[in-house]
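Structure record follows, encoded as structure tokens.
The values are calculated or read from the model by the stated rules, or taken from the named source; none is laboratory data. The structure displayed is predicted, hence computed values, not measured ones. Neighbour counts are summed over all protein chains in view; Cβ atoms, including those assigned to glycine, are modelled from backbone coordinates with ideal geometry.
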Amino acid sequence: MKDNYRALQIDPKDFYETQTQEEKLRFLLQFAVLAPSTHNTQPWLFEIRENSCVIYFDRSLQLPEADPKERDLYISLGCCIENLILAAKYFGMFERIEYHFKENLVGEVFLHDSTGIHDEYEYTLSAISKRMNARGIFEPRAVDSAFVEQIRRILSEEYSFEPPIKAIFTENKDDINRLAILTAQGLLLAHGKPSFRKEMSRWIHNNLSRKRDGMPGYALRMPFLLSFIIPPAIRFFNLGKLLAKLNYKSFSSTPLVCGFFCSEESQRVWLLLGRMAERLMLEFQSRGLQTSIFVASIEMGDLYKKVQETFHTSLRPQFLLCIGHMAAPQPKTPKYSVDAKLIP
């Protein structure tokens, strides 16, 4: 795992060693490939052009069981694009983004020559290599309300999309417990399907695996020996009750939940939502807080209607995040290099 650890260390000073525009863009893409993705599939592909980067997704990495609508696929791509844009803004290179939804084409980020460092993005940029999808029990510490209000303002001022995407926060313990129960119910439904379990088992690896994608046991806080037992067991046995219990404990321990809601569902909405969600996760990370993604209550059956009731909104829920402090350190998931994701 030492190689993976080094790969996550990006020194902004190395940017000044780059000469050509292509070298600069390759450097920026180091931040893009650290984005979160469902099951850590890392579905993005990049094509470097003279003054832009075109983003595609890899069709072989779609998840028909876990993500039948491709909602999570496009949210993951949005997170990746947001990292690229934030890095480009920091180095004074961002010009604009154009979205395209044709086959596996997603969009194109246009860049210009660097105008110098923009210090206001420094703390966000540094959070990219630290952010992870936290697992385990949150500490019983409230999230500073001033942080929440500041992040709420950033989202409303910098991400005014049409149709509007609304981020709703709750720290009400009864609401959080209801959402934890719905998450557990969603996992029970998902793991009740053999086809889901078969797909899921493909993406969980033992602690010694050298695969650059998927979820190694250590990233799931799985003991060494169990990391060799659980992946095949998930495929052939329904472990839904156990996993539902573990996820309930984690979710119910969080002091703060953020839900993302919108009036319509489309590839564009999910992509933009991914950008917002990644910025939110980075903002909290820069303040020493961890985030954990839970989508079972949104993806499975009609449970989303109860999520709407809990948040007191008629808008359709698209994404849920738990936010708080976790004391126990957690290794990061492995990532592919930029070169592995480039289209020749």
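So which residues in the stretch 253-284 are over 28 Å from E98 (Cβ atoms) and either in a helix (DSSP H, G or I) or of a type in the set (F, W, Y) (or both), if there are any at all? Of everything in the stretch 253-284, just one residue is over 28 Å from E98 (Cβ atoms) and either in a helix (DSSP H, G or I) or of a type in the set (F, W, Y) (or both), namely F284. Residue pairs whose Cβ atoms lie under 6 Å apart, sitting 6 or more positions apart in sequence or on different chains, and linking a residue in the stretch 129-146 that is at negative phi to a partner that is basic (K, R), are M132/K332; R135/R221.
Residue-level analysis places F161 among those that are touching a helix residue (DSSP H, G or I) at 6+ places or on another chain (Cβ under 8 Å), of a type outside the set (A, V, I, L, M) and farther than 18 Å from Q285 by Cβ. The set of residues from the stretch 211-243 being small (G, A, S) and more than 18 Å from T333 (Cβ to Cβ) comprises A233, G240. Suppose we keep only residues that are in contact with a helix residue (DSSP H, G or I) (Cβ under 7 Å, 6 or more places away or on another chain) and part of a helix (DSSP H, G or I) within the stretch 307-339. Which one would you say is farthest from A219 (Cα to Cα)? Once the filter is applied, the top-ranked residue is T310.
Considering every residue within the stretch 294-309, establish whether at least one is in contact with a strand residue (DSSP E or B) (Cβ under 8 Å, 6 or more places away or on another chain), at pLDDT 95 or above and closer than 22 Å to E149 by Cβ. No; the residues of the stretch 294-309 include none that is in contact with a strand residue (DSSP E or B) (Cβ under 8 Å, 6 or more places away or on another chain), at pLDDT 95 or above and closer than 22 Å to E149 by Cβ. Does T291 meet the test of being touching a residue at least 40 places away in the same chain (Cβ under 8 Å) and either in a helix (DSSP H, G or I) or buried (at least 22 other Cβ atoms within 10 Å of the Cβ) (or both)? So T291 fits the description; yes. Just one residue in the set L34, L29, L84 is modelled with pLDDT of 95 or more, surrounded by 18 or more Cβ atoms within 10 Å (Cβ to Cβ) and under 18 Å from W270 (Cα atoms); that residue is L84. Of all residues in the stretch 136-154, those being under 18 Å from F251 (Cβ atoms) and crowded, with 19+ Cβ neighbours inside 10 Å number 2. Do we have L256 as under 17 Å from I323 (Cβ atoms) and either hydroxyl-bearing (S, T, Y) or touching a residue at least 40 places away in the same chain (Cβ under 8 Å) (or both) here? When the stated conditions are applied, L256 passes them.
One line per residue, one yes/no per condition, for (1) under 23 Å from E264 (Cβ atoms); (2) assigned by TED's automatic domain parsing to the domain that holds V269; (3) free of Cβ contacts under 8 Å to residues at least 60 places away in the same chain:
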{"site": "L63", "(1), (2), (3)": "yes, no, no"}
{"site": "K69", "(1), (2), (3)": "yes, no, no"}
{"site": "D72", "(1), (2), (3)": "yes, no, no"}
{"site": "S76", "(1), (2), (3)": "yes, no, no"}
{"site": "F91", "(1), (2), (3)": "no, no, no"}
{"site": "R96", "(1), (2), (3)": "no, no, yes"}
{"site": "Y99", "(1), (2), (3)": "yes, no, no"}
{"site": "N104", "(1), (2), (3)": "yes, no, yes"}
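Determine, yes or no, whether F110 is more than 21 Å from the chain's Cα centre (by Cα), within 19 Å of W44 (Cα to Cα) and of a type outside the set (S, T, Y). Yes, satisfied.
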